[in-house]
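Structure record follows, encoded as structure tokens.
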Protein chains: 2
Amino acid sequence: MGRLSELFAPETVAVVGATDREGAVGRAILENLQDDFGGEVVPVNPARDEVLGLECYSDVTSAPPIDLAVVVVPPDVVIETLRELGETGTENAVVITAGFSETGGEGAERERRLREVAAEYDLNVVGPNSLGIMSTPADMNATFGPENALDGSISFMSQSGAFITAVLDWANEQGIGFQDVVSLGNKTVLDETDFVREWGDDPETDVIIGYLEGIDDGHEFVRAAREVTDDTPIVLVKSGRTDAGAQAASSHTGAIAGSERAYETGLEQAGVIRARSVQELFDYARALSGLPQPDSNGVAVVTNAGGPGVLTTDAIGDSSLSMADFADETVDALAEAMPDEANVYNPIDAIGDADVERFGEALDVALADPNVGSAVVVSAPTAVLEYDDLAETVIEKREAHGKPVVTCLMGGQRARAAEEVLRDGGIPNYFDPARAVAGLDALARYRDVRERTIDDPTEFDVDRERAREILGRAAERDTNRLGVESMDLLDAYGIPTPAGEIVDDPDRAREVAAGIDGDVVMKIVSPDISHKSDIGGVKVGVSEADVYDAYEDLVARARNYQPDATILGVQVQEMLDLEASTETIVGMNRDPQFGPLLLFGLGGIFVEILEDTSVRVAPIGEDEARAMVDEIQSAPLLRGARGREPADVDAIVETVQRLSQLVTDFPAILEMDINPLVAGPDGVQAIDLRLTVDTEEL
Amino acid sequence: MGRLSELFAPETVAVVGATDREGAVGRAILENLQDDFGGEVVPVNPARDEVLGLECYSDVTSAPPIDLAVVVVPPDVVIETLRELGETGTENAVVITAGFSETGGEGAERERRLREVAAEYDLNVVGPNSLGIMSTPADMNATFGPENALDGSISFMSQSGAFITAVLDWANEQGIGFQDVVSLGNKTVLDETDFVREWGDDPETDVIIGYLEGIDDGHEFVRAAREVTDDTPIVLVKSGRTDAGAQAASSHTGAIAGSERAYETGLEQAGVIRARSVQELFDYARALSGLPQPDSNGVAVVTNAGGPGVLTTDAIGDSSLSMADFADETVDALAEAMPDEANVYNPIDAIGDADVERFGEALDVALADPNVGSAVVVSAPTAVLEYDDLAETVIEKREAHGKPVVTCLMGGQRARAAEEVLRDGGIPNYFDPARAVAGLDALARYRDVRERTIDDPTEFDVDRERAREILGRAAERDTNRLGVESMDLLDAYGIPTPAGEIVDDPDRAREVAAGIDGDVVMKIVSPDISHKSDIGGVKVGVSEADVYDAYEDLVARARNYQPDATILGVQVQEMLDLEASTETIVGMNRDPQFGPLLLFGLGGIFVEILEDTSVRVAPIGEDEARAMVDEIQSAPLLRGARGREPADVDAIVETVQRLSQLVTDFPAILEMDINPLVAGPDGVQAIDLRLTVDTEEL
């Protein structure tokens, strides 16, 4: 258990701001604690001697030692209260009080001070603006919500208190239980990363679920979640996915929404299973909290009705799972056990007159098949099928074979009763075949998360000092935009660039051209001219004899276009065989939450019109860099589709990794594009470069 | 009402094969009918004088006149029974008996005879292999299922009887009612198209829903559904969507799966709203059966909790709807009515202490806004919010403003009670904001279906006779594959082709080349050589002087490649400026269910690697042809992206329509590809052609 264990298992809980006034939050919390909590409950309120039959203390310094303080005092005394708690040695506090950053202005300043005092005394603070916390092992409900959680193995955090109230009301009806529940509030001190770490260490938590509107430090969260998901699945609803939603989230609790693409990638890299709705969140959590992961993706479907069997098969086709291909012995055994009209191939249709025994036999035989990793039992109600008995049988077979099984017992009231039996046996029942399959799919996805190995980023031998110098020149030139004049930066990090250099007189241009085999490409170099081609600032196929005039002409054009443009010179560059090559883009954009987001795609229309790109949060190792190249839709073009010579994919993969190292080494690089990175059959060449730096960071 | 009205409103129903044997289907049906049915129920069974207290007749000829016969006799007497029914003037029969095409062999032959006898006597036959039919206005349950349907305005057909049983059990618990219910069985006589037509004419049916595994005549279904959806929404689960599902569906009731792409397109063109699961089917149906369609796509969200508000906003971002932009007066009025902490912009957050009155005011103001077409009320349970009262208020405001409203009252038992109130008021409540929004979205999609106008296919002036002749040559040559030698076919239908012709001697080749401006392209023409380029069978940029030798060389290469190849000659063709053009593909593939499926895409990688194509079932008018061009992802390339000259999109659109006319005129054309159709700034040219014909059809 981590340093937060006392937060969830205190011996003494104080309610600072306790009152017996009807309808007051300070009363609701005290009542909730009094209901079940086995430890000591200490009301604190200078205006009372006694609250709800308990001795009340005037302040925390006069109270007995407090393990956890629930603070419901007015906003302007919260900071002082926390200071007193710190002084008296209390380590854990939940601040219920609202009126902090979510109200802006003065509240934001108050929140800043809250952060300071928490740091000064090393306080674990939940909130402010929190509904409170619960822990069922401690029988502790330290919230002002109307519901107690049932016992269970799901730990649940939420950035919305109302969401917790709504979920508990429903979960209690459904018999879904929880371990710990935390209303995160404004997350000023403790945030999602802290609770993921805490629950990752908690052997009683089988699944971590959460509703989040933003993640404060994406980079840190990814690190923590990667570790935790080795043992404990994490399922999150991250709202603000859409532009409209992000805007709504920002106006609510002041969360910064961040880019959805970064969240999508970051959470995926973290091993988090993402749910898009409340329903999905619990559909996944129910499967993950009671069932083992399947050894293989083959699913057996056992049903008493063709139609629902087909629907289930469709759902499996939509998922990462597949219909199990039965071994011959399985088919034989099923044919033996089933009537002639039954379908003994997958989906197994035990037909309409199937009783519990026939269902049980079919499931038994299917689960014994080595090609079957999991099973779905789907049934329509019939006169001969006792749902409660079917539930018992499914539980028994599931346990006997040790493989995950989910059910979709269709129908009304009688399905409801069997659902309870199944739940007690650790089997989630779903309304709909599609949802049952999605539950199994979550198990398989979590298995993949557990089994994956993430390779460490390769440490390439680079010239970091030289890179620092080149970036430093930007600060000297008082600009935050760099271009081809900084191609040396790529060279310093071992990313190949064509032969050539930037020159500032025509004679030198001719000398450089003389040293290059064949004709050259010449480009004007100016931070003020970004679309060089549009003003005739690029000349292709210039012979040595023409280089001098071309130089003069390029400079004249630039001057003509913008008389006061800073002209850094003219780039004289080796001309590549573009016919046999493919243009790619390798880039980076620094996300406020997740840090450097790497991007890969084929150039031109593929990125601009088809938006066919892959992204990852840096740093990444070789496997992830290769996955970036493989997962774009147009990847076959690099592999030699349509009679082309294959591009040197290894060289692209290495370039992506070297860029990953560069942008990780230099947080000052805010944006960077190598566009195009030309990939030929034998290597790559970076032709053009643009980057934006934060000169303050240099 | 259509010709099937008597099927659902008979005065006398006979159960042919009635029995009082416990557990027999013939008894279950009789009991279900006896339960409620107000008309006369007539048992028929040669072995009984009386069944369950009713006088039993030995055969249908001795019975009183029968409006509807439910047939449960053994399979080998079904045909004779139907014949007797026909002879005695009965027009409607439901065949419950199984053992027809679903069992193959003898059963299929029996089904063929059933079809014959039904045609002979013009019988409306449901089934065989059906669970039966129900009609709540007639209080008739003519099924052997355990459940009666509740009254309602949804008419429901299903290709799976078990699906009906499962759905009714659940729907009864949920209080969801039905008008007519049909178990389609093997659909030998009456199929989905018949019931869509019937219910389209039924003023009491507000929504038609169905579970289908296949559609027998897609073309006819599209025609019928297009008409019906002008007044009545149709929501279908068509299973067998995925490859795995299609295979499972084919093995069940012998349905032919057909291509998913054709179904997707055909159902979309038909105006059908497609559901992917049982849950979606009813989520959509519940909205469509009680609410009007929204006038505009702007949605107002009214909530008492930020988190659920953000989730709702996300769901709206995912849908075809959008967050309504409130008018200034709305914001002012909300600011007036709400506390300071409330959010008066969309989503409206009436905050946690909102009571029913505040919710009502917010909803009232929002619905009065002209930018608001519909609203979602989302609430977390709180101590101050009475859900039942909230339900009443929402119903009242909805009715006052005449705009659709759905709710998501989150929570357990208390939400359940309010849900009933809402249902009685015509408002569907959903578990999850995402599902609530999906319900509203179905309304908006149905509005779009109603409002769309489908333009008639243009009748181009074409030379049909010449086309028939050209196609006829295929039969003469005893091949079903045609290529460039049939380019005249395009000419006959007004699709432009480059100047040139197919010649069979080198001198003629030179003459043709002389008549063409500039160099020419020459290609070997042989039905036996499909990949001409691979064997050097294409020469580009041949000057007049070289034409003679080029001819000899092409023929020699072809002979060398395949000595016995049929060589039809050499095509000498004008050379087009491909630099300024874009290669497109216009094609057709005849689907067994839906008929000619037109395809459009950009050539090369766009079709082969990116699979960026659009499809429609022919015939189509100009609007749909234009939509085909517009909807591909790479369409911007035709519109002049990246500095290219725009292609002549009108000419492409016209070509698609002319192809539509051609393949509609000639059902013998099974497959056809114009690849490439080169689109330049001023028109298109078909460069190559391949088609497959059914020579029997010619």
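The values are calculated or read from the model by the stated rules, or taken from the named source; none is laboratory data. These figures come from a predicted structure and were not determined experimentally. Cβ: placed from backbone, ideal geometry, glycine included. Neighbour counts: every protein chain shown. Surface areas here come from the heavy atoms of the whole protein model, side chains and all, with no ligands, DNA or RNA. Shrake-Rupley method; radii C 1.70, N 1.55, O 1.52, S 1.80 Å.
Work out the length of the dipole vector of the stretch B:525-652 about its Cα centre, built from +1 on the beta-carbon of each Lys and Arg and -1 on the beta-carbon of each Asp and Glu, and round it to the nearest 20 debye. It would help to have the intermediate numbers written out before the result.
Working: 10 positive and 24 negative charges, 54 e Å.
Charge dipole of the stretch B:525-652: 260 debye, to the nearest 20.
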Quiz prompt | Chain pair B, A: total accessible area buried, heavy atoms, 1.4 Å probe, Å² | solution = 5100
Practice problem: Output the residues of the stretch A:608-652 meeting this criterion: accessible area (heavy atoms, 1.4 Å probe) in the chain alone minus accessible area with all protein chains in place is 50 Å² or greater. | Solution: A:Ile609, A:Leu610, A:Gln633, A:Arg642
Quiz item: Can you give the angle from 0 to 90° between the axis of helix B:464-476 and the longest principal axis of chain B, with both taken from C-alpha atoms, to the nearest 10?
Solution: 80
Self-check item: Shape of the protein assembly as shown, Cα gyration tensor, a/c cut at 1.5
Solution: oblate
Self-check item: Rounded accessible area per residue of the stretch A:291-451, 1.4 Å, Å²
Solution: 35
Quiz item: Between B:Asp623 and B:Ala335, what is the FRET efficiency for a Förster distance of 30 Å, r being their Cβ-Cβ separation, to the nearest 0.05?
Solution: 0.10
Self-check item: Accessible-area ranking of B:Arg445, A:Arg690, A:Arg447, largest first, probe 1.4 Å
Solution: A:Arg690, B:Arg445, A:Arg447
Exercise. Could you please state how large a percent of the accessible area of the stretch A:91-235 is carbon and sulfur, counting protein chains only and using a 1.4 Å probe?
Key: 41
Self-check item: Rough spin-label spacing in nm, given labels placed 7 Å along Cα→Cβ, for B:Glu399 and B:Leu150
Solution: 1.9
Quiz item: Of B:Ile529, B:Val540, B:Tyr551, which is farthest along the charge dipole of the stretch B:510-553 in the positive direction, counting Lys and Arg as +1 and Asp and Glu as -1 at C-beta?
Solution: B:Ile529
Quiz prompt | Per-residue SASA entry for A:Thr453, accessible area with 1.4 Å probe, Å² rounded to 10 | solution = 120
Quiz item: So for the pair B:Asn560, A:Gln174, with labels modelled 7 Å out along Cα→Cβ, what separation do we get in nm?
Solution: 7.2
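Size of the dipole of the stretch A:582-697 about the Cα centre, Lys and Arg at +1 and Asp and Glu at -1 on the beta carbon, nothing else charged, in debye to 20? Numbers along the way, then the final one.
Details: 8 positive and 22 negative charges, 58 e Å.
Approximately 280 debye in magnitude.
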Quiz item: How big is the gap, in Å, between the Cα center of the stretch B:190-205 and the Cα center of the stretch A:1-34?
Solution: 62
Quiz prompt | Pair A:Arg223, B:Asp478: separation of 7 Å Cα→Cβ label points (nm) | solution = 7.9
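Taking the Cα centre of the protein assembly as shown as the origin, how large is its charge dipole in debye, to the nearest 20, when only Lys and Arg (+1) and Asp and Glu (-1) carry charge on their Cβ atoms? Let's see the in-between values first.
Working: 104 positive and 268 negative charges, 125 e Å.
Result for the protein assembly as shown is approximately 600 debye, rounded to the nearest 20.
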Quiz item: Placing a label point 7 Å from Cα toward Cβ, how far apart in nm is B:Asp139 from its equivalents in the other copies, listed shortest first to one decimal?
Solution: 5.6
Quiz item: Which distances, in nm and shortest first, link the B:Asn560 label point to the same label point in every other copy, taking 7 Å along Cα→Cβ?
Solution: 5.3
Practice problem: Assuming a ≥ b ≥ c are the square roots of the Cα gyration tensor eigenvalues, decide whether chain A counts as rounded (a/c under 1.5), prolate (otherwise, with a/b larger than b/c) or oblate. | Solution: oblate
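Provide the FRET efficiency to the nearest 0.05 for the B:Arg112-B:Arg450 pair, computing r from the beta carbons and using R0 = 41 Å. The partial results should precede the final answer.
On the way: r = 40 Å, r/R0 = 0.98.
Computed FRET efficiency for B:Arg112 and B:Arg450 comes out at 0.55.
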Practice problem: Taking each label point as 7 Å beyond Cα in the direction of the beta carbon, state the distances from B:Thr12 to the same residue in the other copies, shortest first, in nm. | Solution: 9.1
Quiz item: Relative to the longest principal Cα axis of chain A, at what angle does helix A:649-665 sit, 0 to 90 degrees, rounded to 10?
Solution: 80
Practice problem: Rank A:Gly105, A:Val70, A:Val228 by how far each Cα sits towards the positive end of the charge dipole of the stretch A:5-287 (+1 on Lys, Arg Cβ; -1 on Asp, Glu Cβ) and give me just the farthest. | Solution: A:Gly105
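In the neighborhood of A:Gly494, defined by Cβ-to-Cβ distances under 9 Å, what is the net charge if each Lys or Arg adds +1 and each Asp or Glu adds -1?
Overall, the nearby charge balance is -3.
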Quiz item: Once phi is turned into ³J(HN,Hα) by the Karplus curve 6.51 cos²θ - 1.76 cosθ + 1.60 with θ = phi - 60°, what whole-Hz value does each residue of the stretch B:383-399 show in order, with x for glycine and proline?
Solution: 5, 9, 10, 8, 4, 4, 5, 4, 4, 4, 5, 4, 4, 4, 5, 4, 5
Quiz item: Residue by residue, what Karplus-based ³J(HN,Hα) values in Hz, rounded to whole numbers, does the stretch A:442-447 have, using 6.51, -1.76 and 1.60 with θ = phi - 60° and x for Gly and Pro?
Solution: 4, 5, 5, 5, 5, 4
Quiz item: Using the alpha-carbon atoms, what tilt in degrees (0 to 90, nearest 10) does helix A:306-318 show relative to the longest principal axis of chain A?
Solution: 40
Practice problem: Run the numbers on the stretch B:307-352: which residues show a drop of 50 Å² or more in accessible area, chain on its own versus all protein chains together, using a 1.4 Å probe over heavy atoms? | Solution: B:Val310, B:Leu311, B:Asp314, B:Asp318
Exercise. Hand me the tally of lysine pairs in the protein assembly as shown: alpha carbons under 27 angstrom apart, and the pair either on different chains or 8 or more positions apart.
Key: 6
Quiz item: Per-residue HN-Hα couplings for the stretch B:29-37, Karplus 6.51 cos²θ - 1.76 cosθ + 1.60 at θ = phi - 60°, whole Hz, x for Gly and Pro?
Solution: 5, 4, 4, 4, 5, 4, 3, 10, 4
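Pairs of alpha-carbon atoms within less than 8 angstrom and 6+ residues apart define the contacts here; what relative contact order does the stretch A:389-531 have, in percent?
The value is 15 percent.
Quote the FRET efficiency, to the nearest 0.05, computed for A:Ser5 versus A:Glu31 with a Förster distance R0 of 25 Å and r equal to the Cβ-Cβ distance.
Details: r = 26 Å, r/R0 = 1.02.
For A:Ser5 and A:Glu31, the calculated efficiency is 0.45.
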Exercise. Round to a whole angstrom and tell me the spacing of the C-alpha centers of the stretch B:437-502 and the stretch A:460-536.
Key: 55
Quiz item: So, in Å, what gap is there between the alpha-carbon centers of the stretch B:576-642 and the stretch A:356-375?
Solution: 47
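Determine the relative contact order of chain A: mean sequence separation of Cα pairs under 8 Å and six or more apart, normalised by residue count, in whole percent.
On the way: 1523 pairs, mean separation 57.2, N = 698.
8 percent.
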Quiz item: Hey, if we sort B:Asp67, A:Asp448 by accessible area with the 1.4 Å probe, largest down, what's the order?
Solution: A:Asp448, B:Asp67
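Near B:Pro592, within a Cβ-to-Cβ distance under 11 Å, what is the net charge of the other residues, with Lys and Arg +1 and Asp and Glu -1? Intermediate values should be presented prior to the final figure.
On the way: positive: B:Arg590; negative: B:Asp216, B:Asp217, B:Asp591.
Net charge around B:Pro592: -2.
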Exercise. With a 1.4 Å probe and all protein chains in place, put B:Val25, B:Val512 in order of accessible area, largest first.
Key: B:Val25, B:Val512
Quiz item: Taking square-rooted eigenvalues a ≥ b ≥ c of the alpha carbon gyration tensor, is the stretch A:99-249 rounded, prolate or oblate, where a/c under 1.5 means rounded and, failing that, a/b exceeding b/c means prolate?
Solution: rounded
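Quick one: compute the contact order of the stretch B:499-574, relative version, from alpha carbon pairs under 8 angstrom and 6+ residues apart, as a percent.
Values: 143 pairs, mean separation 37.3, N = 76.
Relative contact order, the stretch B:499-574: 49 percent.
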